[in-house]
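The values are calculated or read from the model by the stated rules, or taken from the named source; none is laboratory data. Given the structure is predicted, the values throughout are model-derived calculations rather than measurements. When we count neighbours, we look across all protein chains shown, and the Cβ atoms used for this are built from the backbone with ideal geometry, even at glycine. Please note that ligands, DNA and RNA were not included when accessible areas were found on the heavy atoms of the full protein model with its side chains. Shrake-Rupley method; radii C 1.70, N 1.55, O 1.52, S 1.80 Å.
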Amino acid sequence: MLFDAHNHIQAVAFDGCLPEVLARAAGAGVGRMMACGTGAKGDWERLLRLDDTHRQAISVSIGLHPWYVATADLGWKVTLEKILEDRPFRIGEIGLDKSSRADAGIEDQMKAFLWQLDLAEERGLPVSIHCVGAWDYLHEALARRDHLRYMLHSFHGSPELTETFARKGAYFSIGPRSLSAGKRTPEACLAKIPPERLLIETDAPDSPLPEAIFPTGPNEPARLRDVCTRAARLTGKSVEELEKLTFDNTERFFSIP
Ligand SMILES: [Zn+2]
């Protein structure tokens with residue numbers, strides 16, 4: 001069975017076709033998934049509804065994504081704390097992004113990120129982290145947080161960067177973008193990830209699927225089967241071995257009983 005460690009199944013893109021998307025995921029052997037919040041307009045409400053209706057197959061992480069820091073409701077921190085009091089959610093997707101997709105500057109993103117990391121530490125919750133072009137800020141944010149459990153989602157760093165975070169105890173989630181990371185050979189990055197901290201994800205519907213590697217079609221949780229097959233080939237493991245390894249790692253990371 002496969003565990004999609006990071007997606008956005010609550011996204012508007014799946015409105016009107018959710019039963020079919022989930023049936024295709026089940027057909028591809030995706031038995032569980034972690035739906036990650038963003039804090040875009042209406043996103044957290046959609047997650048709460050999914051939690052009410054699909055708790056068996058879908059777990060939830062909640063957080064304010066760096067793309068939406070400037071447009072978040074003024075009371076977002078109070079809302080987030082209240083949701084975490086009521087529901088056993090994890091924290092994510094949160095992080096730092098220096099690309100033009102982010103609506104706030106890096107210093108404001110950092111404030112929101114640090115506050116959410118503090119919250120995760122206080123409550124002992126695992127965190128799903130997004131980082132684009134802001135590794136120096138990420139190092140600073142994670143310094144002296146020895147007990148924080150976190151994963152770097154859609155990870156595709158250099159072997160040196162992978163090694164640095166591996167030493168700090170990070171988990172690494174590999175998705176379509178990781179497996180087609182331009183000039184950097186994904187094999188070299190994968191070789192530096194401790195096997196017990198490797199996860200796989202689709203990031204559906206967000207990450208586009210590179211045509212050269214994946215058959216054409218939209219990104220949805222069922223495509224985790226393709227991610228697993230590709231990652232197995234690159235790590236020299238059998239598909240069955242990688243499937244079991246990443247499922248167990250993901251359950252352990254998120255403390256799913
Ligand atoms: Zn995501």
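The figures follow:
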| quantity | calculated |
| --- | --- |
| Residue pairs meeting the criteria (Cβ under 6 Å; at least 6 apart or on separate chains; first among the basic types (Lys, Arg), in the range 83-102; second open to solvent by less than 10 Å² (accessible area, probe 1.4 Å)) | Arg90/Ser61; Arg90/Pro126; Arg90/Phe254; Lys98/Ala134 |
| Residue within the range 141-150 that is assigned to a helix (DSSP H, G or I) and of a type in the set (Asp, Glu) present | no |
| Tally, over the range 185-212, of residues that are closer than 21 Å to Glu240 by Cβ, open to solvent by 10 Å² or more (accessible area, probe 1.4 Å) and β-branched (Val, Ile, Thr) | 1 |
| Subset of the range 186-215 [at pLDDT 80 or above, in a loop (DSSP other than H, G, I, E, B) and away from the ligand (no atom under 16 Å from the Cβ)] | Lys192, Ile193, Pro194 |
| Candidate set: the range 118-140, residues that are open to solvent by less than 40 Å² (accessible area, probe 1.4 Å) and part of a helix (DSSP H, G or I); chosen: the one farthest from the ligand (Cβ to nearest atom) | Leu119 |
| Unmet criterion (only one of (1) of a type in the set (Asp, Glu); (2) touching a residue at least 40 places away in the same chain (Cβ under 8 Å); (3) away from the ligand (no atom under 15 Å from the Cβ); (4) open to solvent by 50 Å² or more (accessible area, probe 1.4 Å)) for Glu243 | (4) |
| Which numbered condition Asn219 misses (of (1) more than 16 Å from the ligand (Cβ to nearest atom); (2) more than 22 Å from Gly95 (Cα to Cα); (3) surrounded by 14 or more Cβ atoms within 10 Å (Cβ to Cβ)) | (1) |
| All positions within the range 141-166 that are within 16 Å of the ligand (Cβ to nearest atom) and open to solvent by 40 Å² or more (accessible area, probe 1.4 Å) | His156 |
